[in-house]
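Undergrad: Right, I'll just put the structure down here and ask away after.
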Amino acid sequence: MKDNWTREDIQDLYNTPLLELIQKASDVHKRYHKTGEVQVSSLISIKTGGCPEDCAYCPQAARYNTEVKVHKLMGVEEVMQLAENAKAGGASRVCLGAAWREVRDNRDFDRVLDMVKGINQKEMEVCCTLGMVTEEQARKLADAGLYAYNHNLDTSEENYENIISTRTYEDRLKTINNVRKAGLTVCSGGIIGLGESIADRIGMLYTLSLLRPQPESVPINALVPVEGTPLENQTPVPIWEMVRMIATTRIVMPNTAVRLSAGRLSMSMEGQALCFLAGANSIFAGDKLLTTPNPEFNQDMEMFKILGLSPKPAFADKKAVEV
Ligand code: SAM
Ligand code: DTB
Ligand code: SF4
């Protein structure tokens with residue numbers, strides 16, 4: 001497996017004529033994955049809004065005037081119920097999201113640890129996205145049974161300060177490193193449609209591809225423009241660019257789960273089908289992402305039926321490793 005991609009290699013891939021690129025990515029996908037299986041995650045926003053950071057895309061940043069209502073950390077029981085519902089709907093993973101800059105060692109964190117333990121007992125994979133973490137905090141999460149930690153690079157190093165000024169790219173990489181040191185699997189990707197250049201998209205994939213090991217999961221989000229955020233008037237990314245980005249990610253990181261993430265509500269089923277053909281093998285299901293709408297669960301199951309896809313069972317990769 002090639003794992004020393006240069007920026008030029010990635011750029012050449014990205015600029016390959018579209019159908020040829022899809023075909024290449026599809027070949028890689030077939031070689032490394034069961035093509036009919038899609039990993040289904042359900043997002044739960046355990047603490048919503050009021051975030052001190054200034055991420056230009058995010059409706060949860062306190063400084064922007066959006067319709068998001070601040071909600072303090074949910075109770076463990078409520079989260080258990082939501083996880084149960086997600087499992088009944090076919091999700092094998094639950095991702096708990098908090099609008100925090102970083103984790104603090106306090107009672108809220110202890111409560112999150114209880115949530116992780118509880119969901120783990122339900123035989124579901126648990127992922128958290130809680131902002132920056134230290135190695136010690138990552139270890140506590142791992143001990144509680146966490147499967148994955150999501151921390152996106154979001155864009156290239158060069159473009160980072162145009163999107164977020166309250167932390168650095170270095171901070172982001174540090175957290176990813178802490179997560180790795182604690183033995184957790186890493187979920188890290190980004191967003192397209194922020195007004196970034198093609199070179200920025202390539203730069204982000206280049207940085208992700210250099211991580212050792214490469215992230216087990218790479219979410220590719222299309223910006224969901226939200227009124228009140230600085231990016232509210234961004235023009236939506238054409239589906240072709242999403243397909244290109246997914247195909248390039250698939251080729252550069254063959255083993256990873258490429259997640260067709262935010263933005264699916266504005267994509268046709270045909271568009272999403274091309275994304276799956278180009279190597280996407282993971283989605284967020286459920287009618288809400290964190291604060292913005294997502295396709296209805298039944299609609300996604302209908303899409304799976306039409307395309308001949310099925311949800312991947314929980315811990316399938318782990319079992320494969322242990323056998
Ligand atoms: N606060 C934590 C953090 O920033 O790491 C975790 C939650 S944050 C909402 C998780 C990710 O959601 C961000 O890194 C970003 O990639 C994605 N995201 C947030 N708002 C988005 C939007 N409007 N459109 C697409 N993706 C978005
Ligand atoms: C990721 O890359 N996308 C998800 C998840 N990781 C946490 C979040 C998408 C959020 C979209 C905007 C919202 O619903 O607030
Ligand atoms: Fe806060 Fe995360 Fe939103 Fe940034 S992306 S404002 S850190 S919730």
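The values are calculated or read from the model by the stated rules, or taken from the named source; none is laboratory data. In this text the structure is predicted, and so the values were computed from the model without any measurement. Neighbour counts run over all protein chains shown; Cβ positions are idealised from the backbone, glycine included. To get the accessible areas, we keep the full protein, side chains included, count just its heavy atoms, and leave off ligands, DNA and RNA. Shrake-Rupley method; radii C 1.70, N 1.55, O 1.52, S 1.80 Å.
Undergrad: So for each of 181-193, 29-41, 302-314 I average, over its residues, the number of other beta carbons within 10 Å; can you give me the resulting order with the highest mean first?
TA: On the way: 181-193: 21.7, 29-41: 18.0, 302-314: 15.4.
Descending mean neighbour count gives 181-193, 29-41, 302-314.
Undergrad: Still on this structure, I have one more. Would you kindly state how much longer the chain becomes between residue 302 and residue 122 on full extension, computed as 0.36 nm times their sequence separation minus their alpha carbon distance, in nm to one decimal? Spell out each step's value before the answer.
TA: Working: separation 180, 0.36 × 180 = 64.80 nm, distance 2.59 nm.
Working it through step by step, the gained length comes to 62.2 nm.
Undergrad: If each residue of separation counts as 0.36 nm, what is the full-extension length gain between residue 65 and residue 35 once their alpha-carbon separation is subtracted?
TA: Working: separation 30, 0.36 × 30 = 10.80 nm, distance 4.23 nm.
Contour length minus Cα-Cα distance gives 6.6 nm.
Undergrad: Turning to a different aspect of this structure: What shape does region 7-316 take by its C-alpha gyration tensor, where a ≥ b ≥ c are the square roots of the eigenvalues and a/c under 1.5 counts as rounded, a/b above b/c as prolate, and the rest as oblate? The partial results should precede the final answer.
TA: Details: a/c = 1.39, a/b = 1.21, b/c = 1.15.
Since a/c stays below 1.5, the shape of region 7-316 is classed as rounded.
Undergrad: Something else about it: Using the Cα gyration tensor of region 1-88, with a ≥ b ≥ c the square roots of its eigenvalues, what is the shape: rounded (a/c below 1.5), prolate (a/b larger than b/c) or oblate (neither)?
TA: Values: a/c = 3.41, a/b = 1.67, b/c = 2.04.
Taking the square roots of the gyration eigenvalues as a ≥ b ≥ c, region 1-88 is oblate.
Undergrad: For region 119-206, build the charge dipole from Cβ charges (+1 Lys, Arg; -1 Asp, Glu) around the Cα centre, then report which of 206, 188, 160 sits farthest towards its positive end.
TA: Checking the options against the dipole of region 119-206, the answer is 188.
Undergrad: Given Cα pairs under 8 Å that are at least 6 residues apart, what percent is the relative contact order of the chain?
TA: Averaging sequence separation for qualifying contacts and normalising by length gives 24 percent for the chain.
Undergrad: Roughly how many percent of the accessible protein surface of region 116-253 is carbon and sulfur, given a 1.4 Å probe and a whole-percent answer? Numbers along the way, then the final one.
TA: Working: 2420 of 5020 Å².
Answer for region 116-253: carbon and sulfur cover 48 percent of the accessible area.
Undergrad: While we're on this one: Placing unit charges on C-beta atoms (Lys and Arg positive, Asp and Glu negative, everything else neutral), compute the dipole magnitude of region 1-140 about its Cα centre in debye, rounded to 20. List each step's numbers first, then the result.
TA: On the way: 20 positive and 22 negative charges, 53 e Å.
About 260 debye.
Undergrad: Could you state the accessible area per residue of the chain in Å², with a 1.4 Å probe and every protein chain left in place? Could you put the intermediate results ahead of the total?
TA: Numbers: 14430 Å² over 323 residues.
That works out to 45 Å² per residue.
Undergrad: Let me ask another. Can you give the helix-only mean residue ellipticity at 222 nm for the chain, where every DSSP H stretch with n ≥ 4 adds -39500 (n - 2.57) and the sum goes over all residues, rounded to the nearest 500 deg cm²/dmol? Please report the intermediate quantities before stating the final value.
TA: Working: 12 runs with 133 residues, N = 323.
About -12500 deg cm²/dmol.
Undergrad: I would also like to ask the following. Taking only Cα atoms and a 10 Å spring cutoff, compute GNM fluctuations for the chain and point out the largest among 132, 80, 245.
TA: Sorting by GNM fluctuation, first place goes to 80.
Undergrad: With +1 on each Lys and Arg Cβ and -1 on each Asp and Glu Cβ, how big is the dipole of the chain about its Cα centre, in debye rounded to the nearest 20? Walk me through the intermediate numbers first.
TA: On the way: 36 positive and 42 negative charges, 152 e Å.
Magnitude of the dipole: close to 720 debye.
Undergrad: I would also like to ask the following. Which of the peptides 274-280, 45-51, 197-203, 118-124 is most tightly packed, and how do the rest follow, judged by the mean count of other Cβ atoms within 10 Å per residue? Working shown, then result.
TA: On the way: 274-280: 24.1, 45-51: 21.1, 197-203: 19.1, 118-124: 17.3.
The peptides rank, most packed first, as 274-280, 45-51, 197-203, 118-124.
Undergrad: Let me ask something else. Might you list the cysteines of the chain that have no disulfide-compatible partner by the rule of another cysteine's Cβ under 4.7 Å?
TA: For the chain, the answer is 51, 128, 187, 275, because their Cβ atoms have no other cysteine Cβ under 4.7 Å.
Undergrad: For a test of the definition: using alpha carbon positions, the gyration tensor, and the 1.5 limit on a/c, classify region 1-150 as rounded, prolate or oblate. Please report the intermediate quantities before stating the final value.
TA: Details: a/c = 2.00, a/b = 1.53, b/c = 1.31.
Here region 1-150 falls in the prolate category.
Undergrad: How much length, in nm to one decimal, is gained on full extension between residue 102 and residue 162, taken as 0.36 nm per residue of separation minus their Cα-Cα distance? All intermediate terms of the calculation are to be shown ahead of the outcome.
TA: On the way: separation 60, 0.36 × 60 = 21.60 nm, distance 2.07 nm.
Residue separation times 0.36 nm, minus the Cα-Cα distance, leaves 19.5 nm.
Undergrad: What number in nm² do you get for region 244-323 if you take the convex hull of its Cα atoms and divide its surface by four?
TA: On the way: hull surface 24.1 nm².
Directional mean of the projected Cα hull area for region 244-323 stands at 6.0 nm².
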